[in-house]
Amino acid sequence: MPLLPKSESIEIREVWEHNLEEQFSKIMEIVDDYPYIAMDTEFPGIVLRPVGSFKNSNDYHYQTLKDNVDMLKLIQLGLTFSDEQGNLPSCGTGNYCIWQFNFREFNVNDDVFANDSIELLRQSGIDFKKNKEMGIDAHRFGELLMSSGIVLNDNVYWVTFHSGYDFGYLLKLLACQNLPETQAGFFDLINMYFPVVYDIKHLMKFCNSLHGGLNKLAELLEVERVGVCHQAGSDSLLTSCTFRKLKENFFSGSLEKYAGVLYGLGKVSDWVSSILFQFLVSCILRFVIANKGSNRDKEFARALTLSRAGG
């Protein structure tokens, strides 16, 4: 199959409340053969900016993300599945299929939103009235996502573009609660639910001459869009195809060493390893004290903890 199939061969499957379980059943059937999942979300924009002092820009970006995701509601999610060569599933039909999930929680008459974001989504064809009447219940979606096999799975590879907010909204659905207070807690959840993540915006740093957003990158790589810009299904497909073109043109070997970094937030494993190290050392310290270890043993364990906390 060509890297980007012709538009007439692509079916963007609209998922509503009435066909949610049916479509999740199809996804569960194909995920083992198509474990690369490109994701995009549509949400009501950014309405809050935190005030105060922050240790670094990553801390500021996370607090901005948390404040907005906690307050706002997901509108649409797009998922494109592919195999390592970029082939898409056909799901027993003559066309290749991708999925676009439409949620009902957001109410344009009552909820907070950024005017420019909502106007852009309107112009892109999103029908907020239809979403409210026929859309997916977010809690039910979270339950099905949890049991689908596409999260908590080391053999699934998530492909995104500047994806902090995308993962923030998915974690909110999965956990049915606000995001963690700290970036470390956020990354701990990312590492658990989405063990392998590729953020194209991060990969671009290692590619000479590439810049801009997803649309600009696709243009530079000569990847054509299928569907409507600023709808999550089309954007997820463009993300998938751009990732394959990027890998083909700029990364001859494995991409493993570039995984686990969310652009603007940092490297997941740096935070997670710190959390796990602290937990391990605290266990050692409790063991030493419980078993009446020497003062030297206790001081060594405490020193390990303090050195890691300082580093």
For this session: In nm, give the distance between the simple-model label positions of SER9 and THR182, each being 7 Å from the Cα along the Cα-to-Cβ direction.
Result: 5.0 nm
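Going by average Cβ density within 10 Å per residue, which order do the peptides 37-45, 128-136 take, highest to lowest? If you can, show how the numbers build up before the last one.
Details: 37-45: 23.6, 128-136: 16.4.
Ranked from most to least packed, the peptides come out as 37-45, 128-136.
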For this session: Give me the distance between the Cα centres of region 32-46 and region 50-124, rounded to whole Å.
Result: 8 Å
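Please work out the FRET efficiency for the pair CYS229 and VAL51, using the Cβ-Cβ distance as r and a Förster radius of 51 Å; give the result to the nearest 0.05.
Working: r = 33 Å, r/R0 = 0.66.
So the FRET efficiency works out to roughly 0.95.
Computed FRET efficiency, Cβ-Cβ of LYS129 and LEU152, R0 45 Å: what is it to the nearest 0.05?
Using R0 = 45 Å, I get an efficiency of 0.80.
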Seminar exercise, completed: The ratio Rg/Rh over the Cα atoms of region 7-264, Rh being the Kirkwood inverse mean 1/r radius, stands at 0.94
For this session: Taking amide H positions as placed in the peptide plane 1.01 Å from N, state which residues far from HIS162 in sequence (5 or more) or on other chains have amide H under 5 Å from it.
Result: ILE200, LYS201, HIS202, TYR263
For this session: Rank these for me by crowding, ASP166, ASP83, going from fewest to most other beta carbons within 10 Å.
Result: ASP83, ASP166
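By count of other Cβ within 10 Å, fewest leading, how are SER234, SER53, SER9, SER82 ordered?
Numbers: SER234 23, SER53 6, SER9 14, SER82 26.
If I rank by nearby Cβ atoms, fewest first, I get SER53, SER9, SER234, SER82.
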Problem set entry | Pairwise label distance in nanometres, ASN215 with ASP137, each label 7 Å out on the Cα-Cβ vector | 3.7 nm
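Just so you know, all these numbers are worked out from the coordinates, no wet-lab data involved. What you see is a predicted model; the values in this text were computed from it and never measured. Methodologically, a virtual Cβ is constructed for each residue, glycine included, from the backbone with ideal geometry; neighbour enumeration extends over all protein chains shown.
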